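The values are calculated or read from the model by the stated rules, or taken from the named source; none is laboratory data. Owing to the predicted nature of the structure, the values given are computational and were not obtained by experimental measurement. A quick note on method: Cβ atoms are made from the backbone with ideal geometry, for glycine too, and the neighbour counts reach across all protein chains shown. Note: areas computed on protein heavy atoms with side chains; ligands, DNA, RNA excluded. Shrake-Rupley method; radii C 1.70, N 1.55, O 1.52, S 1.80 Å.
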Amino acid sequence: MRSHSRSKIRSQMKPLEKFLNSPHFDGATDFRRIEPNDFLPALNQAIRLAKKRIQEVRNAPAGFRETILGLESAAYELQAVASVLFNLYAACKTDELDSIVQTCSNKIEDFQFEIAHDQIIFQKVEEIYLRSEKSKDGLDPALTSEDRRLIAKIYADFSENGGKLTAKQKQRLQTIDRKLSLLSQSFAQNVESAKSDFRLHILSARDLKGLPENLIRQAKAEAKALSLEGWVITLDDWSYGPFMKYSEVASLREDLWRAQGSLCVAGPYDNRQNIIDIVRLRAEKASLFGEKSFADLTIKNRMHADAGSVNLFLDRLLAAATKAGAAELNEIKSFSRKELKNPILKPWDVDFVTAQLKKRTFKLHEEEFRKHLSISAVTRGILELSKKLFGLKLKANKAVPVYRKDVLAFSVFDSGENYLGLLYVDYFRHAGKQEAGAWMTTYREQCYQGSRRIHPHVAIVFNFPSGQNLTLDDLEIVLHELGHAFHELLSDSRHRSLAGSKVNLDFVELPSHLLVNWAHHPRGLRIFAKNAKPKQINAILRALKFQSGLLNHMQTRLMKIDLGWSSLSFSEAKKLTSRDVETFENSILKNSDLFTRQPGHNLSCTFENIFVDEYAASFYSYKWAQVLEADIFTEFEKNGLFHKATAVRLKSTIYSKGALSSPDALFRDFKGRDPSIQSYLRRENLKDFHAATKVSSA
């Protein structure tokens, strides 16, 4: 009888075996065995197991172990399957995976909605939370502060997902969320299709004047892939940015600039109606929760208390950046007029003239620094930086399966040779990979099972052209994602929901932005560019904050666009039509324009961060994180770039803590006070333009 029972269990678990029972090092994902047709059966089985556990939670009395820990572990197998599916889809998309992802996404959304709106479970969670809040000993004196933090987190999740709404409101919320999911997919598909459809086809070598050799090679390869003669420039970052910076053919720069600015504004990939529908549904969602706007719904319980506080922060910063940017633009215009004989500077001239001015000022051509930043040099630098800063040892592990042969895998150990987790590094752009920049993701998250630490499996993924060295900008991207990876690998939380980067969006970018500082210091940059002469390193670092006012101006305007759309009330959003998209964006930006806005030029229609990704009403977080990291990095400037005690304190108060305390508390634990914007203003050469001396997080 017992034998039959074991056989039955093995049969039930069979679809999941490839995802849970890997024979490889630390149970690393067995990419070689997993096929596309494995996902749906495994997902269905995982959902059945999760629902069985959820029913056990419903039947058990309300208690920390029975309810909170029961919910925490209920969907373990589901998370294992979903992480592999969605990570592979982003890194190695195929037509076969397309339909599988859509089907699985719908099933996961249905499951999540069912749990989030289970009134019996919510009542148990609320009872536990209220008892916990009423008295520290009223629930269970054995509970730790971390346990109580988990209770508060799960209660907040249920509340934010509509736990307190009426049945009718919950049904409407589900409809809204499903529509938003479909609209976001449509928005993203339009951007991808519009970019793919555009190409600047160059047939004459004369039109390549000024372009660096590596871009010419890539453009030639792009043309060959399309069975075309000549060269092809695209709107992808690797192509668009260098072309605008170095092309000496102004008419072609204009063509590319206008194509980028008008993307998805009209035609078959018009995103204007998608924007209106998304904004309207988000505003309606906020109204269900009794909030005036989606920004009010999203920003509460962050380091900034409300949308008004964020707006004040951005307004002050934008005013300073606009003044600084105007002064810098005048310098660019003067140089263009006197040295380049260009009497009228146009928007598509700015990047090119700036590059020429920078070259003249610092005796530097940024592209020439590439020769010092090969992929192998950058990889060695990652290993050395990890060891110097946090005492980590990254050891190449070829026994770990990878999903492409050019993906690297490292086992990560601390200074005491204690194993911490796996790190995958995926550098190169290829067909099927999501084209939107770079990202960090997890295949397994850190937590504890009893006394045993479950080690995280983390990947950092990029889109660098194969066979090409990196620029300093590229190195910054690598360190940004490595900072996110450190946040996961160094995590030491008992509970998965509090581990690693499971922090508020206005804090999650701090560990990533912070690590970039090491590439901005001569000793740090030399780790990666060992063959560069001190004169070259000093020159490229002096040029870092050249025209930083214009960069801050551009970034902060995007954040104002996000907050503008997100601050509309439901009644205001209902009045807008697709024809109002350009007008509305212009109304947000009109007081900070440095050029006359061109008709048909729009930023919102390709703004995937807020209309596809999770940064709606939160895009300001990138700038706020820079304020935080600039303030923190002053400790290393004062004590030394690799000062051991400061690095240990950083690890113990920020990188290892996840969401074990509030972001405000974590920052104060490291710094000993609340954040100040002064270090950021000084670094960005904005101090003289900024009237306020402090940015309040209250």
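Numbers at a glance
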{"quantity": "Search result, residues across the range 44-69 that are out of contact with any helix residue (DSSP H, G or I) (no Cβ under 6 Å at 6 or more places or on another chain) and either part of a helix (DSSP H, G or I) or closer than 25 Å to A82 by Cβ (or both)", "calculated": "N44, R48, K51, K52, Q55, E56, N59, F64, R65, E66, L69"}
{"quantity": "Residue check, D95 at pLDDT below 90 and more than 29 Å from P41 (Cβ to Cβ)", "calculated": "no"}
{"quantity": "Filter pass, R131 being open to solvent by 30 Å² or more (accessible area, probe 1.4 Å), farther than 30 Å from E17 by Cα, part of a helix (DSSP H, G or I) and touching a helix residue (DSSP H, G or I) at 6+ places or on another chain (Cβ under 8 Å)", "calculated": "no"}
{"quantity": "Near pairs, Cβ below 9 angstrom, 6+ apart or cross-chain, from the range 480-496 (in contact (Cβ under 8 Å) with a residue 40 or more places away in the chain and over 12 Å from I382 (Cα atoms)) to any residue that is of a type in the set (D, E) and part of a loop (DSSP other than H, G, I, E, B)", "calculated": "H484/E509; E488/E445; L490/D414; S491/E445; R496/E445"}
{"quantity": "Flag for L345 being touching a Lys or Arg at 6+ places or on another chain (Cβ under 6 Å) and aliphatic (A, V, I, L, M)", "calculated": "yes"}
{"quantity": "Filtered residue count, the range 384-408, keeping only those that are part of a helix (DSSP H, G or I) and polar (S, T, N, Q)", "calculated": "1"}
{"quantity": "Residue within the range 548-555 that is outside any helix (DSSP H, G or I), more than 26 Å from A286 (Cβ to Cβ), touching a helix residue (DSSP H, G or I) at 6+ places or on another chain (Cβ under 9 Å) and modelled with pLDDT under 95 present", "calculated": "no"}
{"quantity": "Cross-chain or 6+ apart pairs with Cβ under 9 Å, the range 223-236 first and farther than 19 Å from K195 by Cβ, then of a type in the set (K, R) and surrounded by fewer than 19 Cβ atoms within 10 Å (Cβ to Cβ)", "calculated": "G230/K220"}
{"quantity": "Within the range 401-415, considering residues that are of a type outside the set (F, W, Y) and surrounded by 20 or more Cβ atoms within 10 Å (Cβ to Cβ), the one nearest to E488 (Cα to Cα)", "calculated": "V412"}
{"quantity": "Search result, residues across the range 526-541 that are out of contact with any Phe, Trp or Tyr (no Cβ under 8 Å at 6 or more places or on another chain) and part of a helix (DSSP H, G or I)", "calculated": "R526, F528, P534, K535, I537, N538, L541"}
{"quantity": "Residues within the range 421-442 that are of a type outside the set (D, E, K, R) and open to solvent by 20 Å² or more (accessible area, probe 1.4 Å), tallied", "calculated": "12"}
{"quantity": "Residue count, the range 334-385 (criterion: more than 23 Å from L525 (Cβ to Cβ) and loosely packed, with under 14 Cβ neighbours inside 10 Å)", "calculated": "6"}
{"quantity": "T596 vs. criteria farther than 17 Å from F507 by Cα and open to solvent by 40 Å² or more (accessible area, probe 1.4 Å)", "calculated": "yes"}
{"quantity": "Pair list, Cβ under 7 Å, 6 or more apart: the range 395-413 residue of a type in the set (G, A, S), other residue open to solvent by less than 30 Å² (accessible area, probe 1.4 Å) and modelled with pLDDT of 95 or more", "calculated": "A396/F410; A409/N397; A409/V400; A409/L422; A409/Y424; S411/N397; S411/L422"}
{"quantity": "Counted residues, the range 641-667 - those being within 21 Å of K153 (Cα to Cα) and open to solvent by 50 Å² or more (accessible area, probe 1.4 Å)", "calculated": "1"}
{"quantity": "Any hit, the range 443-455, residues being in contact with a Ser or Thr (Cβ under 6 Å, 6 or more places away or on another chain), aliphatic (A, V, I, L, M) and surrounded by fewer than 23 Cβ atoms within 10 Å (Cβ to Cβ)", "calculated": "no"}
{"quantity": "Filter result for the condition that a residue is in a helix (DSSP H, G or I), of a type outside the set (S, T, N, Q) and surrounded by fewer than 19 Cβ atoms within 10 Å (Cβ to Cβ), over K93, K107", "calculated": "K107"}
{"quantity": "Among (1) assigned to a helix (DSSP H, G or I); (2) in contact with a His (Cβ under 9 Å, 6 or more places away or on another chain); (3) under 30 Å from A665 (Cα atoms), the one test that V503 misses", "calculated": "(1)"}
{"quantity": "Residue within the range 64-80 that is within 19 Å of L423 (Cα to Cα) and either open to solvent by less than 30 Å² (accessible area, probe 1.4 Å) or among the hydrophobic types (A, V, I, L, M, F, W, C) (or both) present", "calculated": "yes"}
{"quantity": "K398 vs. criteria out of contact with any strand residue (DSSP E or B) (no Cβ under 9 Å at 6 or more places or on another chain) and open to solvent by 30 Å² or more (accessible area, probe 1.4 Å)", "calculated": "no"}
{"quantity": "Those helices (runs of 4 or more DSSP H) lying entirely in the range 158-260 with at least 2 residues open to solvent by 40 Å² or more (accessible area, probe 1.4 Å), among the aliphatic types (A, V, I, L, M) and within 30 Å of E284 (Cα to Cα)", "calculated": "167-197"}
{"quantity": "Residue identified as farther than 21 Å from L558 by Cα, free of Cβ contacts under 8 Å to residues at least 24 places away in the same chain and either touching a Cys at 6+ places or on another chain (Cβ under 9 Å) or hydrophobic (A, V, I, L, M, F, W, C) (or both) among L364, L312, L357, L340", "calculated": "L340"}
{"quantity": "Qualifying residues in the range 277-325 (those that are at pLDDT 95 or above and in a loop (DSSP other than H, G, I, E, B)) - the one surrounded by the most Cβ atoms within 10 Å (Cβ to Cβ)", "calculated": "E291"}
{"quantity": "Members of the range 369-379 that are of a type outside the set (A, V, I, L, M, F, W, C) and in contact with a helix residue (DSSP H, G or I) (Cβ under 8 Å, 6 or more places away or on another chain)", "calculated": "R370, H372"}
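Residues checked against (1) aliphatic (A, V, I, L, M); (2) buried (at least 21 other Cβ atoms within 10 Å of the Cβ); (3) under 19 Å from W624 (Cβ atoms); (4) modelled with pLDDT of 95 or more:
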residue	(1), (2), (3), (4)
E476	no, no, yes, yes
A485	yes, yes, no, yes
L490	yes, yes, no, yes
S497	no, no, no, yes
D506	no, yes, yes, no
V516	yes, no, yes, yes
